[in-house]
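Take a look at the structure set out below.
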Amino acid sequence: MRRAPLRRAAAAAALVLASAVLASAPTHAADAAPPAYNDGAAAFQANCVVCHGAGGVGTPALAPPLTSYPARYAQSPAGRRQLANTLLYGMFGDITVDGRSYSFKMPDFARLDDATLAALLNYVVFDLGHAPAEVKPLAPADISAARAQALDGAAVREQRKSLVPGGN
């Protein structure tokens, strides 16, 4: 009849073990800090996550990650223009990002207003790409200026070559 105390001891040991495992478990996305650009996060979720994945990590053979190069682009006028043009006019053709090749057709998002596109880019640049604090956020005026000089997806890709070592 000593089984009841043994069962209680085993149950208590299991509870202690489970508590220890849960306490040392890695944090989940739900535990992450809220985005600085909430409107941009919502626009990303509605328009970009299908191809670029949650957190902008990319989808192999479909769409590149957005966690490094947009933050670099945002540090120069030509790079900022490229970011705006890519959202406004899309891009298609072969590109290489972080050593991986992608041949894709990114749709244009010109239907979205300038403020939404600026917020989306700021979410990508700052929340996903962790751009340095000295990088100035993109403004709706940056999008408006790019909108005034229409391009097509092939021209956007060609323009990108001037920003990327090796031209792809």
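Readers should treat all values here as calculations from the given coordinates under stated rules, not as data from a laboratory. The shown structure was predicted, so the numbers you read here are calculated from the model rather than taken from an experiment. Glycine also receives a Cβ, built like all others from the backbone with ideal geometry; neighbour counts cover every protein chain displayed.
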(message) Give me the extension gain from Arg100 to Val50: residue separation times 0.36 nm, minus the current Cα-Cα distance, reported in nm with one decimal.
(response) 16.1 nm
(request) Indicate the gyration tensor shape class of the range 37-161 (rounded, prolate or oblate), computed on the Cα atoms with a ≥ b ≥ c the square roots of the eigenvalues: a/c under 1.5 is rounded; otherwise a/b larger than b/c is prolate and the rest oblate. (result) rounded
(message) Can you find, among Pro35, Leu88, Phe104, the residue sitting farthest towards the positive end of the charge dipole of the range 35-168, where Lys and Arg contribute +1 and Asp and Glu -1 at Cβ?
(response) Phe104
(request) Starting with the highest mean, order 137-143, 64-70, 76-82, 98-104 by the number of other Cβ atoms within 10 Å, averaged over the residues of each peptide. (result) 64-70, 137-143, 76-82, 98-104
(message) Placing unit charges on C-beta atoms (Lys and Arg positive, Asp and Glu negative, everything else neutral), compute the dipole magnitude of the range 37-161 about its Cα centre in debye, rounded to 20.
(response) 260 debye
(request) Apply 1/(1 + (r/R0)^6) to the Cβ-Cβ distance of Arg147 and Ser68, taking R0 = 25 Å, and write down the FRET efficiency to the nearest 0.05. (result) 0.45
